[in-house]
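Chemist: Below: one structure in structure tokens.
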Amino acid sequence: MIMEVLGHSSIRVTMDICTFLRLDSQRSAFDRVGDALKGDGNGPDGDDGPAGVLVAV
């Protein structure tokens, strides 16, 4: 359904994009955990929240 909505020519295109976005989101989450564990001085006020990217499940 996502492939059709986005107008991709094949499911492979959709999966490649969604996989890339998911990996990027995971990297961002790991970076945040690392920053929290290092205690870099950025408290919750410095949190911009999730990136807001489409992630295939």
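Chemist: If you rank LEU21, LEU37, LEU6 by how much accessible surface each has, with a 1.4 Å probe, what is the order from largest down?
Modeler: So, going from the largest accessible area down, we get LEU37, LEU6, LEU21.
Chemist: Tally Lys/Arg at +1 and Asp/Glu at -1 over every other residue whose Cβ is under 13 Å from the Cβ of THR14; what's the total?
Modeler: 0
Chemist: At a 1.4 Å probe radius, which order do VAL5, VAL33 fall into by accessible area, largest first?
Modeler: VAL5, VAL33
Chemist: Report ³J(HN,Hα) in whole Hz for each residue of the stretch 12-24, in order, from the Karplus equation J = 6.51 cos²θ - 1.76 cosθ + 1.60 where θ = phi - 60°; Gly and Pro get x.
Modeler: With coefficients 6.51, -1.76 and 1.60, one gets 4, 4, 4, 5, 4, 5, 5, 5, 4, 5, 5, 4, 4 Hz.
Chemist: Counting only other residues whose beta carbon sits under 13 Å from that of PHE30, what net charge do I get with K and R as +1, D and E as -1?
Modeler: Details: positive: ARG22, ARG27, ARG32, LYS38; negative: ASP24, ASP31, ASP35.
My count for the surroundings of PHE30 gives +1.
The values are calculated or read from the model by the stated rules, or taken from the named source; none is laboratory data. Given the structure is predicted, the values throughout are model-derived calculations rather than measurements. We place every Cβ from the backbone using ideal geometry, glycine too, and count neighbours over all the protein chains shown. The area values use the complete protein model at the heavy-atom level, side chains included, leaving out ligands, DNA and RNA. Shrake-Rupley method; radii C 1.70, N 1.55, O 1.52, S 1.80 Å.
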